[in-house]
Each structure stands twice: as structure tokens, then as C-alpha cells.
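To start, the structure itself, in C-alpha cells.
The values are calculated or read from the model by the stated rules, or taken from the named source; none is laboratory data. Everything quoted here is computed from the prediction, not taken from an experiment. A quick note on method: Cβ atoms are made from the backbone with ideal geometry, for glycine too, and the neighbour counts reach across all protein chains shown. Only protein heavy atoms, including side chains, enter the accessible area calculation; ligands, DNA and RNA are left aside. Shrake-Rupley method; radii C 1.70, N 1.55, O 1.52, S 1.80 Å.
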Amino acid sequence: MPDCVFCKLTSGEDDGRIVFEDEVSVAFLDARPLFPGHTLLVPRSHIEVLGDLPSQLLKPFFANLQMLARAVEAAMNAEGTFVANNNKVSQSVPHLHFHIVPRKKKDGLKGFFWPRGSYRDEAQQFEVQEAIRHAVEAERRKSSP
């Protein structure tokens, strides 16, 4: 889809802060994060909602989501993660995407009121990007035979 911002990222047309990519999906830092490390995972192909994800992509896509949840938690020294998906309602970009948000107790996130923020500066965003990339590699090494 030529007008889809996430398709531009998956095709390389836009150089978003990518932290992981393979033949199935691409993960990158959210431009308006809840907390530093807030990452989005999208399928490479343009799929609008979870119900449209082809069955052959379910296992590899969700394996990537599981791996990224562990990697974001490790990279950000978090106590856990919040993983979320909107289908149509509140879906700001009509391309399937999952939010992986690092969490700490008493971090101020209550329910679904998401106080968006920004990175302190580009250097902080780059540091977070690199930390998650390294944690992704560590997670992938753990699961390699």
C-alpha cells in the first residue's frame, strides 16, 4: 500500500528506528512512546487487522512478538511488558501492529490512559534502539539450536 506509513518502513522507503526484522515482520521504536523502548511489531506485508493474518504467519509472527517482549524487557531493565493490539477502533495506522511497552511498578500507566511522551533527544532514542537490537540478538541466540 503506497500510502501506508508502516509499509514504507517495511519496504525500506522510510528509515524508522528498526530494532528487528526478518522475512515475516519488522519491529521499530514507536515515534511517540509511552516509555523509552516502546516498540511496534508489524507484518512485512500489508495486513490491516489480526483476523486477516494468514494462518501460515501466525506461528512465526507470534514467536517474534514473544521474543521481542523478552528483549524489550531485558534491554530496558523493565519488570515486565504491556503487549497490546487494536483492531480498527483506535488503530491509528490501518496496518496490523502490536505495541510492546516496557513496564515498571508505579510507572504511572493506568488502564488505557496512555500518556505519550518523547525521547529526551535523538541520542537517547539511538541508545534505546541499540539496546533492544542487542537484546534481540541475545534472545535469538538462546533459541538457536
For this session: Give Phe20, Phe6, Phe35, Phe82 a once-over and let me know the one that is in a helix (DSSP H, G or I) and surrounded by 14 or more Cβ atoms within 10 Å (Cβ to Cβ).
Result: Phe6
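Given the structure, is Lys105 part of a helix (DSSP H, G or I) and of a type outside the set (A, V, I, L, M)? Reasoning before the result, please.
Values: part of a helix (DSSP H, G or I): no; of a type outside the set (A, V, I, L, M): yes.
No.
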Problem set entry | Members of the stretch 39-75 that are among the aliphatic types (A, V, I, L, M), touching a residue at least 24 places away in the same chain (Cβ under 8 Å), open to solvent by 40 Å² or more (accessible area, probe 1.4 Å) and farther than 18 Å from Ser144 by Cβ | Leu50
For this session: For residues that are open to solvent by 10 Å² or more (accessible area, probe 1.4 Å), at negative phi and not polar (S, T, N, Q), scanning just the stretch 87-96, find the one that is nearest to the chain's Cα centre (by Cα).
Result: Val93
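Return yes or no: is Leu68 assigned to a helix (DSSP H, G or I) and under 19 Å from Glu127 (Cβ atoms)?
On the way: assigned to a helix (DSSP H, G or I): yes; under 19 Å from Glu127 (Cβ atoms): yes.
So Leu68 fits the description; yes.
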For this session: For the stretch 116-126, indicate whether the set of residues that are modelled with pLDDT under 90, over 14 Å from the mean Cα position of the chain (by Cα) and open to solvent by 60 Å² or more (accessible area, probe 1.4 Å) is non-empty.
Result: yes
Seminar exercise, completed: Pairs returned, first residue in the stretch 120-134 that is basic (Lys, Arg), second residue that is buried (at least 17 other Cβ atoms within 10 Å of the Cβ) and not in a helix (DSSP H, G or I), beta-carbon separation under 8 angstrom, 6 or more apart or interchain, are Arg133/Val19; Arg133/Phe20
